[in-house]
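The values are calculated or read from the model by the stated rules, or taken from the named source; none is laboratory data. For clarity, every value in this text was computed on a predicted model and none was experimentally measured. Cβ atoms come from the backbone with ideal geometry, glycine included; neighbour counts cover every protein chain shown.
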Amino acid sequence: MVIAGGGPAGCAAALTLCRHTDLSVMLVEQTGYGEDKVGETLSPAVLPLLDYLGVGEHFRQGNFAPSHAFTAAWGDEHVSTRDFLFTGRGHGWHLDRARFDAGLANAARSFGTQLVLGKRLKQVQKQDDGWRVDLSDDVQVQCRYLIDASGRSAWLGRAVGARTVQDDRLVGISAYFSSSDLPVESSSLVEAIPAGWWYSAPLPDGRMVAVLMTDADLLQASNADRSAFWNEAMAQAPNTRERLGLRTVSGDLQVWPAHSQQLEPSCGNGWVAAGDAAAAFDPLSSMGIGYALTTGIHAARLAASSITQKQDDSEQRQAYADDVRRHVNEYQNLKRSYYSVETRYSDQPFWARRQTATAA
Ligand SMILES: Cc1cc2nc3c(=O)[nH]c(=O)nc-3n(C[C@H](O)[C@H](O)[C@H](O)COP(=O)(O)OP(=O)(O)OC[C@H]3O[C@@H](n4cnc5c(N)ncnc54)[C@H](O)[C@@H]3O)c2cc1C
């Protein structure tokens, strides 16, 4: 079995397979987990999944910062707070995402996964009894089953003929702010502005991350360069500006794809997609990591039963694909309801697009 991508979805699939089957598993991750990665708020609902994967205790000892509340200036200029205490699930966490992902991959290795770092899948070819996979550096591998956990690129799914259906053009422009004498606040803050919205969150190492969410075409169409666009948007976000205070930006601004997207189909004969590769959501939903872990587990179960039962698995595949579509439908309703709350900027393209979708 070859898994493309060592994010939460790929690691969850590898952990499930190695802990519950005798199949041999290779997890291929193109990076070495050395770079910052966005997506740093973990909902309290995710802990039972980490426990199921056998890494809950390791995670609790990982010195990630607790997140007790979620704050937002959304719909009007006042900041309102939702305390995780009232969800009945305990607190959430602010992650160092690269360290979180690397921890999952190392746990998978300790359970028997062959972890290949710094190489990427370049080509796949169907054969009678499985697949031939070409990795970078002229490495070739034969396997019976493939799991696509390559994130929004859905590289593998597209390589075997599936197509991505994109719902919007959302991107995130991130910057890291160095620590200062200011105390680190324990909550994430979301703040709506005419061209999109901001989120900012403390990181376990004392830095803060601030991300401007907007549409790719709005960023391109503005005559300003990326930093001028960022500064103009920051000038419209008093609450975000205030919490960043005197901190200074460390490093460059980075742009991340954040569009909503679905892979069609999400699985086929001898392959299945999990996480963002199967369905990717607006970060406003906070569904990403939890969904990646859940679908990683389900994809592993589908892969294992397809290989071990050696019989027609079309019913299981249908059930998996239906489940992905059901989640996407539920998510689309949620997304419409979130964006319909903010009516101050309804004449602005970013909001009009999402609110027209609401009316439809
Ligand atoms: C701006 C932003 C903020 C977000 N904030 C949050 C948040 O606060 N909370 C939350 O839960 N979610 C958040 N998300 C979403 C979350 O980060 C993703 O849903 C989650 O990372 C999906 O996990 P994954 O394993 O499916 O994909 P990824 O984490 O994207 O992992 C895919 C991996 O595949 C590797 N890869 C790709 N192609 C290849 C190849 N050909 N060969 C080998 N390796 C390959 C990549 O290097 C990558 O490591 C955010 C996303 C964005 C863009």
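Restricting the first member to region 134-149 and to residues that are over 30 Å from G290 (Cα atoms), and the second to residues that are at pLDDT below 95 and in a loop (DSSP other than H, G, I, E, B), the beta-carbon pairs closer than 9 Å and six or more apart or on different chains are Q142/D129. The residues of region 136-158 that are in contact with a Lys or Arg (Cβ under 9 Å, 6 or more places away or on another chain), more than 14 Å from A274 (Cβ to Cβ) and not hydroxyl-bearing (S, T, Y), listed by number, are D137, V139, Q140, V141, Q142, C143. Filtered by the rule that a residue be near the ligand (Cβ under 9 Å from one of its atoms) and more than 16 Å from A280 (Cβ to Cβ), region 141-172 gives a lone residue, A159.
Of the residues making up region 5-51, those that are more than 12 Å from the ligand (Cβ to nearest atom) and out of contact with any helix residue (DSSP H, G or I) (no Cβ under 7 Å at 6 or more places or on another chain) are R19, H20, D22, S24, P48, D51. Cβ-Cβ distances below 8 Å connect the following pairs, each with a first residue in region 234-248 that is at positive phi, a second residue that is in a loop (DSSP other than H, G, I, E, B) and not aromatic (F, W, Y), and a separation of six or more residues or different chains: G245/S180; G245/L182. Counting only strands (runs of 3 or more DSSP E) wholly contained in region 59-175, the ones carrying 3 or more residues that are more than 22 Å from L203 (Cα to Cα) and touching a strand residue (DSSP E or B) at 6+ places or on another chain (Cβ under 8 Å) occupy 114-117, 121-127, 130-135, 139-143, 146-148, 163-166.
Within region 2-28, residues that are in the same structural domain as T41 (by TED's automatic domain parsing) and in a helix (DSSP H, G or I) have Cβ atoms under 8 Å from residues that are modelled with pLDDT under 95 and β-branched (V, I, T) in no pair, counting only partners at least 6 apart in sequence or on another chain.
Cβ-Cβ contacts under 7 Å between residues 6 or more apart (or on different chains), taken from a first residue in region 32-50 that is farther than 18 Å from K119 by Cα to a second residue that is of a type in the set (S, T, N, Q) and near the ligand (Cβ under 8 Å from one of its atoms), are listed as V38/S174; T41/S188; T41/S286; S43/S286.
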